[in-house]
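Heads up, the thing below is written out as structure tokens.
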Amino acid sequence: MKRIFVSFLLIVLILANTIQVSFATAFEKKESQTLIASTTSSAKFETIQWKKEVDPYNGVLDLAEIKLGEDDFIGFDILKDGKRVDEDYKVAKTKFIFKTELELNSNYSLRVITNEHKFEIKFKTNGLPVIYETGERIIVKVPAMPEKGFNWPYYLAIPSNQYKQENKDFKRYLLVDGPNTNGSNLEDFEKWVKDTLTNRGEYSVEVAEKLWTPMLMPAFPRTGSSYKNNGERNTFYEHALDRDIATLHNKLEDPNLRKQLEDAFEKEGYDVDKFSNLDEQLVAMFEHAVEYLNEYGHQVETDKMFLTGYSATGTFTDRFTALHPDKVKAVASGGTLDDMFLPMAEYKNEKLIFPLGTYDYKEITGESFNLAYHNNVARLVYMGKDDQNNTLPNGDTFGDTERNIMTRLWGVPVLPRAVAKIELYGKSGGKGIFILDKGIKHSYSKDVREYLIEFFKANRNSNNPVYPIPKNPEQLQYTLFK
């Protein structure tokens, strides 16, 4: 019996020693682990109320403020509203640094075990940052707010005052551009958006700066999710607002298709329901952004936005404007003449389903297509005349149904299709200016960049769409319907 007891005691001592070693090892790595064992969770902690609100995006608690030194720490645990949460962090001397973002306006606790004490530091995160005009460029992240109508974060860029004087007497419209990149997770897309808004050389950022207007960019992921329907394989292209994403809300009403879509998105690490009505989510972001901006005196127009985009996002802006003409004052869509939306339902006995045309517009939006509303938007669509970036064969840009219609009507080559679509746009009664940028491939010339700014400036204070004539028509070969 003694032998059994001694053996049991040795096992207990070994386990105790192992627990101490695991605490020390985890602490030396200074990465987030659940360091407080369940046996200590019921022990009493000395409660400390942190006086300052913590920045949710760059959360730091300097534990030296409560007279704790680096050598005192043994373990940590993080709670939100009394429940343990898995947040990534690191420890740098006496500073406890959150590596992942915290939720806004939320109550957290940091439990700290030292050599002699157990502390529970209660703190609250603050809300969205103050964005008064400072004269310097400001970039702010707004997290997903499902209660406000958007399931994904967006970023705002407040312009510097470099171009304030020449613009201050004109109306300010929030400029919206979309993301156009690949990524394996939401963090990749957020980083791309933030980096893009930081880069003043990016053409849409340049436009916003020179208009002295705030800019919004959503952090919509691009999932690459695929599914089969009626024998046809399709792939979602969120950044282009393709047919799959534009009709997702209808697809999810089919129980069999819903299950397949749930599985497809889950395979990529996403919840399919969060992508439903992505266009309406952008409207909700816009409405939230202008309210937020105007709270701090930026005097942005609340009814309509300026839209710009190139390549996939040029396609997104063209299609978004077709679905929400009441929310757009002016739009500039680049690299998309060959696949632009046409304001017509049928052509040569072919049904122009969205995004080719208006045939099933009511099924998607719940409203009939209105050409007058469509033409009330100032519309610029442009493309390099030598652009050979042919999206027609790509599996994620068009499904077989759309691809076959386009091929039968306009063929595969890019330029002939673009020229034919420009002509049809005018014949359908559509209004806008359509530019082929001479000698340019899948890019844009300096002349186009300058014209974009002129185009948006001309439409700030106008009641009706305004189409400035390009100063260099040899370079910017334009067709105007007005």
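Here, each number is a calculation from the coordinates, and none is a lab measurement. Bear in mind that the values here come from a model prediction, so they are computed numbers and not experimental data. Cβ: placed from backbone, ideal geometry, glycine included. Neighbour counts: every protein chain shown.
Which whole-number percent is the relative contact order of the range 154-297 (Cα, under 8 Å, 6+ apart)? All intermediate terms of the calculation are to be shown ahead of the outcome.
On the way: 178 pairs, mean separation 34.9, N = 144.
Reported relative contact order: 24 percent.
Once you keep just the Cα pairs under 8 angstrom separated by 6 or more residues, what percentage relative contact order results for the chain? Provide the component values of the computation, followed by the final result.
Numbers: 889 pairs, mean separation 50.4, N = 482.
Relative contact order, the chain: 10 percent.
Quick check on the range 216-341: of the DSSP beta bridges with both residues there, what percent are antiparallel, nearest 5%?
In the range 216-341, approximately 40 percent of DSSP beta bridges are antiparallel ones.
Counting other C-beta atoms within 10 Å, and keeping those with at most 10, which DSSP coil GluC sites (Glu not before Pro) do you find in the range 99-167?
Numbers: sites: Glu101, Glu103, Glu116, Glu120, Glu133, Glu136, Glu147, Glu166; in loops: Glu101, Glu103, Glu116, Glu133, Glu136.
Counting only loop positions with at most 10 other Cβ atoms within 10 Å, the GluC sites (Glu not before Pro) in the range 99-167 are Glu116, Glu136.
Using 15 Å as the cut-off for backbone N distance, which residues of the range 444-462 belong to the label zone defined by a point 7 Å from the Cα of Asn472 along Cα→Cβ?
Zone members listed by number: 444-454.
For Lys431, go through the aspartates and glutamates and keep the ones whose alpha-carbon is under 12 Å away, minus same-chain ones fewer than eight residues off.
Reachable aspartates and glutamates: Glu423.
For percent of Cα pairs over 44 Å apart, which listed value, [x] 21; [y] 28; [z] 40, comes from the coordinates shown?
Among [x] 21; [y] 28; [z] 40, the one calculated here is [y].
Return the equivalent ellipsoid semi-axes of the range 195-261 as a descending list in whole Å, where each equals the square root of 5 times an eigenvalue of the C-alpha gyration tensor.
So the equivalent ellipsoid measures 36, 11, 9 Å along its semi-axes.
How far is helix 255-267 tilted off the main Cα axis of the chain, in degrees rounded to 10, range 0 to 90?
Tilt relative to the chain: about 60 degrees.
How far, in degrees from 0 to 90, does helix 446-458 lean away from the longest principal axis of the Cα atoms of the chain, to the nearest 10?
Once rounded, the angle reads 90 degrees.
Under a cut-off of 27 Å between alpha-carbon atoms, report the lysines in cross-link reach of Lys168, not counting same-chain residues fewer than 8 places apart.
Lys141, Lys194, Lys210, Lys304, Lys327, Lys329, Lys446, Lys457, Lys471
Taking Lys259 as the anchor, which lysines have their alpha carbon closer than 16 Å to its alpha carbon, excluding any fewer than eight residues away along the same chain?
Lys228, Lys251, Lys267, Lys274
Take the alpha carbon atoms of the range 294-354, find their radius of gyration, then divide it by 2.2 N^0.38 Å using N residues; give the quotient. Intermediate values should be presented prior to the final figure.
Numbers: Rg = 14.8 Å, N = 61, 2.2 N^0.38 = 10.5 Å.
Normalised Cα radius of gyration, the range 294-354: 1.41.
Using a/c under 1.5 as the rounded threshold, could you call the range 324-457 rounded, prolate or oblate? The axes a ≥ b ≥ c are square roots of the C-alpha gyration tensor eigenvalues, and prolate needs a/b larger than b/c, oblate otherwise. Provide the component values of the computation, followed by the final result.
Values: a/c = 1.93, a/b = 1.13, b/c = 1.70.
Oblate, since a/c reaches 1.5 and b/c is not below a/b.
Can you give the % of DSSP beta bridges in the chain that are antiparallel, to the nearest 5? Kindly include the intermediate steps, with their values, before the conclusion.
Details: 46 of 72 bridges.
The answer is about 65 percent antiparallel.
To one decimal place, what orientation-averaged projected area in nm² is obtained for the convex hull of the Cα set of the range 392-482?
Numbers: hull surface 29.4 nm².
With every direction weighted equally, the projected area is 7.4 nm².
Students often get this wrong: which residues of the range 113-141 have the backbone nitrogen under 20 Å from the point 7 angstrom along Cα-to-C-beta of Lys44?
113-122, by backbone N distance to the label point.
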